[in-house]
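The numbers here are math on the coordinates, done by the rules we state, and not lab data. In this text, all values refer to a predicted model and were calculated from it rather than measured experimentally. Cβ placement follows ideal geometry from the backbone for every residue including glycine, while neighbour counts extend to all protein chains displayed.
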Amino acid sequence: MQDSPRLLFVTLSNIGDLVLTTPTLEALHRAWPDHLIDIVADARSSDLLCACPYLGTLYHRDKRAGWVGTLKLIAALRANRYTAAVDLRTDFLPWLLRTKARAVRWRRAAHGPHAAEQHFAVAAGILSRRSSIPLARVWTTPKDEAFAKERLASLPDNRLLAIAPGANWPGKIWPQNHFQEVLRGAADLFSGVILLGSRQDREITSALTEACPLPVLDLAGSTTLRQAAAVLDVASVFLGNDSGLGHVAAARGIPTLTLIGPGRPERYRPWGPRAQLLEAPQRDLTRLSPDRVLSALQDILA
């Protein structure tokens with residue numbers, strides 16, 4: 001039996017997409033501060049939600065489980081009563097649940113160029129008209145912060161550059177030799193470098209480690225998402241491709257420089273006042289010069 005009033009929030013699956021739904025999640029909390037919020041998310045990206053202070057129950061939706069998994073999820077959710085349900089992923093789930101108010105994407109008019117604005121528009125009908133779009137949020141725990149402190153002990157404690165050189169497909173990855181050139185040119189700007197990413201990025205990060213003239217900590221494939229967020233907190237600047245870690249950095253308030261080639265930056269750029277973009281000429285990252293990136297890093301530090 002529920003011990004407190006609840007809302008339901010259905011978020012998206014990919015890391016960056018999930019982060020861009022957190023402004024709407026935060027707006028729901030501000031509208032119902034006495035409610036816990038049950039969240040439906042994917043298992044991998046949901047690590048970013050586990051430390052949310054107003055999280056109720058975290059449910060995982062596994063696409064590989066098909067309709068059997070969906071029916072089990074519906075049965076689990078129907079055991080609860082919700083004050084309101086906001087679904088940013090499907091158009092049907094809230095209609096099958098016991099809730100007083102529902103908000104889904106169906107027939108929702110476009111609202112602003114950015115995905116965070118569009119997600120907020122889905123929930124706007126059940127929020128106060130005075131509600132504004134909050135910043136994106138990513139939460140960490142003291143354990144995550146202790147992990148970061150321990151792993152970063154080998155680096156100088158000032159002016160660290162965090163780099164995430166990977167992405168989810170090759171067209172989004174700035175050439176490795178360009179990253180190497182930036183590292184050589186940034187030797188006078190920073191005192192150390194942190195490399196972040198997945199296990200699939202280890203080949204790139206190993207090459208960058210060998211080429212870097214500064215002390216380097218390679219954490220690719222060695223952190224959870226929350227641990228990576230805690231590590232990013234100590235960075236002076238984050239540099240990376242259009243990937244989930246750039247959204248995490250922006251949500252943590254780190255000055256963020258995202259390199260974008262193909263894609264829709266007006267819709268999917270990191271959401272935050274300290275997030276900057278460099279768009280490649282002709283949407284081709286091979287045409288984005290290291291000198292231009294170095295100049296942007298200098299401007300951020302200044």
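Under 8 Å for C-alpha pairs, at least 6 residues apart: give me the relative contact order for the chain, rounded to a whole percent.
17
Peptides 90-98, 215-223: what's the order by average Cβ count within 10 Å, highest mean first?
Final packing ranking: 215-223, 90-98.
For a test of the definition: using alpha carbon positions, the gyration tensor, and the 1.5 limit on a/c, classify region 6-124 as rounded, prolate or oblate.
Because its axes are fairly even, with a/c under 1.5, region 6-124 counts as rounded.
What is the angle, in °, between the Cα long axis of helix 115-124 and the longest principal axis of the Cα atoms in the chain? Nearest 10 is fine, range 0 to 90.
In the chain, helix 115-124 runs at an angle near 20 degrees to the longest axis.
Which of rounded, prolate, oblate describes region 134-192, given a ≥ b ≥ c as roots of the alpha-carbon gyration tensor eigenvalues and a/c under 1.5 marking rounded, otherwise prolate only if a/b is larger than b/c?
The shape class here is oblate.
Count neighbours as other Cβ atoms within 10 Å of each site's Cβ, and list the trypsin sites (Lys or Arg not before Pro) in region 225-302 that are DSSP loop with at most 12 such neighbours.
Sites meeting the loop and neighbour criteria: none at all.
Relative contact order of region 137-258, please, whole-number percent, based on alpha carbon pairs below 8 angstrom and at least 6 residues apart.
It comes to 35 percent, rounded to a whole number.
Nothing charged except the Cβ atoms of Lys and Arg (+1) and of Asp and Glu (-1): what's the magnitude of the dipole of region 6-124 about its Cα centre? Round to the nearest 20 debye.
I would put it at about 500 debye.
Just how large is the dipole of region 142-301 about the Cα centre, in debye to the nearest 20, putting +1 at every Lys and Arg Cβ and -1 at every Asp and Glu Cβ?
I would put it at about 420 debye.
From the residues T224, L97, P175, which one has its Cα farthest along the dipole of the chain in the positive direction, the dipole being from +1 and -1 charges on Cβ of Lys/Arg and Asp/Glu about the Cα centre?
Most positive-ward Cα: L97.
Could you state the angle between the C-alpha long axis of helix 66-78 and the longest principal axis of the C-alpha atoms of the chain, as a value from 0 to 90 degrees rounded to the nearest 10?
Long axis of 66-78 versus the principal axis of the chain: about 60 degrees.
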